[in-house]
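The values are calculated or read from the model by the stated rules, or taken from the named source; none is laboratory data. Note that the structure is predicted; figures quoted are calculated from it, not measured. All Cβ positions, glycine included, derive from the backbone under ideal geometry; neighbour counts span all protein chains shown. SASA here: full protein model, heavy atoms, side chains in, ligands and nucleic acids out. Shrake-Rupley method; radii C 1.70, N 1.55, O 1.52, S 1.80 Å.
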Amino acid sequence: MARNTREEDKRLKNLAETIYLSDDVLSQKDVAEKVGITEKTLGKWIAQYGWSEKRKSLLVTKKSQLVNLYNQLEKLNDEIKTRPLVRDIPLSLKKPIKIKDGKVESIHYPTYNELDYPIKFSNFPTSSEADIISKITAAIKKLETETNVGEIIETGIAFLNFIKPHNLEFAKQFSGYFDTFIQTKIK
């Protein structure tokens, strides 16, 4: 059997890395078969180039970041929603006053209308909370709308799996074009 050229090895390694990093469902055997290499070669590359760590960071990060961001946003909104209304009433009005009438001493609280004082805290976000909400929302939008190579590959694989039962020849042809397309995205 003829050995691959250096360029072909590099192309196969890049393709294997891309497929391995894009799908945590595929086994090493599946990836090796798809690329056309042995499982032993794939295992060597995975260990040598740290693909397992990359896979974890690529596949888990986006999904878990979105979940974390939505949880943070929900927690902040719940905190704001359940916060009691607090007015900015001077402390001097909240303290009791001792009144001495002869020998009798009594305690009285000053009378005031709570509505005469501005709201200090309420169910509306403060400016810093609004800033945090804005930043979290922007991060969510960015994560949800950006597409990386892994997601493109994931979509292509799903499409290939859909086509195979209907038209195997077309699926093979599409696979070749798709591999070429992925190579252009990697460079």
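Comparison of D131, D88 shows that the only residue that is surrounded by 11 or more Cβ atoms within 10 Å (Cβ to Cβ), farther than 30 Å from K172 by Cβ and modelled with pLDDT of 85 or more is D131. Scan segment 12-47 for residues that are open to solvent by 40 Å² or more (accessible area, probe 1.4 Å) and more than 15 Å from D179 (Cα to Cα) and the total you get is 12.
Just to check your reading of the model, which residue among I140, I152, I136 is of a type in the set (A, V, I, L, M), at pLDDT below 85 and either touching a Phe, Trp or Tyr at 6+ places or on another chain (Cβ under 9 Å) or assigned to a loop (DSSP other than H, G, I, E, B) (or both)?
Going through I140, I152, I136 in turn, the sole match is I152.
In the condition set (1) without any contact (Cβ under 8 Å) to a residue 12 or more places away in the chain; (2) over 26 Å from T147 (Cα atoms); (3) not in a helix (DSSP H, G or I), E7 is compliant with all but (3). Filter segment 48-62 down to residues that are at pLDDT below 90 and of a type in the set (S, T, Y) and give me whichever is least open to solvent (accessible area, probe 1.4 Å). Restricting to residues being at pLDDT below 90 and of a type in the set (S, T, Y), the top hit is S52.
Out of curiosity, is S128 outside any helix (DSSP H, G or I), of a type in the set (G, A, S) and out of contact with any helix residue (DSSP H, G or I) (no Cβ under 8 Å at 6 or more places or on another chain)?
Considered against the rule, which asks whether it is outside any helix (DSSP H, G or I), of a type in the set (G, A, S) and out of contact with any helix residue (DSSP H, G or I) (no Cβ under 8 Å at 6 or more places or on another chain), S128 comes out as no.
Residues being of a type in the set (A, V, I, L, M, F, W, C), assigned to a helix (DSSP H, G or I) and in contact (Cβ under 8 Å) with a residue 40 or more places away in the chain are entirely absent from segment 81-95. Of the residues making up segment 158-187, those that are assigned to a helix (DSSP H, G or I), out of contact with any Gly (no Cβ under 9 Å at 6 or more places or on another chain) and polar (S, T, N, Q) are N161, Q173, T180, Q183, T184. Scanning segment 32-50 for residues that are closer than 17 Å to I157 by Cβ and either within 26 Å of the chain's Cα centre (by Cα) or assigned to a loop (DSSP other than H, G, I, E, B) (or both) yields one hit, G36.
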